[in-house]
Amino acid sequence: MKEKAIVICGPTASGKTALSIELAKKINGEIVSADSMQIYKDMNIGTAKPTIEEQQGIKHYMIDFVSPDKRYSVADFKKDAKIAIREIIDKGKTPIIVGGTGLYVDSLIYEIDYPEIQFDEDYRKSLEKEVEEKGLENLYKKAVEIDEEAMKKISPNDKKRILRVLEIYHATGKTKTEQEAESRKDPEFDYYVYAIDWDREKLYDRINKRVDIMIEQGLIEEVKEILKKYDEFPTAMQGLGYKEVVQYLKNEITEEEMIEKIKQETRRYAKRQLTWFRKNKQTIWLKGEDEVQNNVDIIIKNLDV
């Protein structure tokens, strides 16, 4: 019998944190974050990182431990997350993996090994130059020609993942889809996968309100402090909510434009997350509109079956 682990995923602002903490209190669980932005130190407001108060005494792993100017790969995440999961199980507790980063979740539930690909700085610069000169759409079309299957899950606006598809092929001669298919193995743990769904308009309203709260809490000051603290321009500053503030600080857009842009890009991101998680056939969908306790009860009932 494999040891059990629960996964709670879904779009940004869907209520994953609140659900996971209530569940952890009920089943003696501890939480492993599967969020590619909450890993970074000093980036708290814009990542909606749970505060000490919000954590309510539940131990969280994989948050607040990587410097924003450092690279952190999916392979790094998988290795570290499995160490955390094993540590929780060895304590006699239940691991709850929580986050909205699809690649992180898939690396665990499908036991995908993402090979460490040698990063080609010159090739990356040539791609960036092509985006500047010809636009992202041109690279998107190239990526579709190389790996049509992978691109079904990637938005034409998702520059980071479009470049990644091209870089994988450039470095290995294999597509991202081929690599993932070759590396899938039987998962080490028995994952019970849940995702939180919302009526689209209600979710978008939650996102808009969350962005307003982030601005009130001091997101602009947070970005200023990060840029002061780190010598190199942090790679994490390309993250959603952060790059828009950087544009504002450079006087490229107004504050009103910045806020609207963050809201719009976050809504687009949520849409991509929903598309991603819907392709996972084992996922059980929970209604965001339902009481948190109701969803906790559903998870516990399935766990005991």
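The values are calculated or read from the model by the stated rules, or taken from the named source; none is laboratory data. All of these numbers come straight from a predicted model, not from anything done at the bench. All Cβ positions, glycine included, derive from the backbone under ideal geometry; neighbour counts span all protein chains shown.
Of note:
- For region 39-55, a residue qualifies if it is in contact (Cβ under 8 Å) with a residue 40 or more places away in the chain, touching a Pro at 6+ places or on another chain (Cβ under 8 Å) and part of a loop (DSSP other than H, G, I, E, B), and the qualifying residues are Asp42, Met43.
- Residue count for region 249-267 satisfying the condition of being surrounded by fewer than 20 Cβ atoms within 10 Å (Cβ to Cβ), assigned to a helix (DSSP H, G or I) and more than 21 Å from the chain's Cα centre (by Cα): 5.
- Sole exception among (1) closer than 30 Å to Val296 by Cβ; (2) part of a loop (DSSP other than H, G, I, E, B) for Tyr104, by number: (2)
- One residue stands out in region 158-185 among those that are touching a residue at least 40 places away in the same chain (Cβ under 8 Å) and within 17 Å of Thr101 (Cα to Cα): the one that is farthest from the chain's Cα centre (by Cα), namely Glu180.
- Candidates Val105, Val98, Val131 - the one that is farther than 23 Å from Ile162 by Cα and touching a residue at least 12 places away in the same chain (Cβ under 8 Å): Val98
- Any hit, region 195-210, residues being farther than 16 Å from Arg267 by Cα and among the basic types (Lys, Arg): no
- Qualifying residue in region 72-95 (condition: modelled with pLDDT of 95 or more, assigned to a strand (DSSP E or B), buried (at least 23 other Cβ atoms within 10 Å of the Cβ) and not hydroxyl-bearing (Ser, Thr, Tyr)): yes
- Subset tally (residues that are over 22 Å from Ala5 (Cβ atoms) and in contact with a Lys or Arg (Cβ under 8 Å, 6 or more places away or on another chain)) for region 289-299: 1
- Selection from region 21-73 of residues that are of a type in the set (Gly, Ala, Ser) and closer than 19 Å to Thr101 by Cα: Ser33, Ala34, Ser36, Gly46, Ala48, Ser67, Ser73
- Selected residue (criterion: modelled with the lowest pLDDT) from residues of region 230-282 that are of a type in the set (Asp, Glu) and more than 30 Å from Val193 (Cα to Cα): Glu232
- All helices (runs of 4 or more DSSP H) inside region 172-244 with 2 or more residues being among the hydrophobic types (A, V, I, L, M, F, W, C), out of contact with any His (no Cβ under 9 Å at 6 or more places or on another chain) and surrounded by fewer than 20 Cβ atoms within 10 Å (Cβ to Cβ): 200-217, 219-229
- Within the set Ile213, Ile220, Ile253, Ile259, the sole residue that is of a type in the set (Val, Ile, Thr) and under 19 Å from Asp69 (Cα atoms) turns out to be Ile220.
- Annotation for region 110-120: at least one member residue is on the phi > 0 side of the Ramachandran plot and surrounded by 16 or more Cβ atoms within 10 Å (Cβ to Cβ).
- Tabulated pairs, region 141-156, first at pLDDT below 90 and part of a helix (DSSP H, G or I), second of a type outside the set (Val, Ile, Thr) and crowded, with 21+ Cβ neighbours inside 10 Å, C-beta under 8 angstrom, 6+ apart or interchain: Ala150/Ala143; Ala150/Lys176
- Test result for Ile63, within 25 Å of Glu221 (Cα to Cα), in a loop (DSSP other than H, G, I, E, B) and at pLDDT 95 or above: yes
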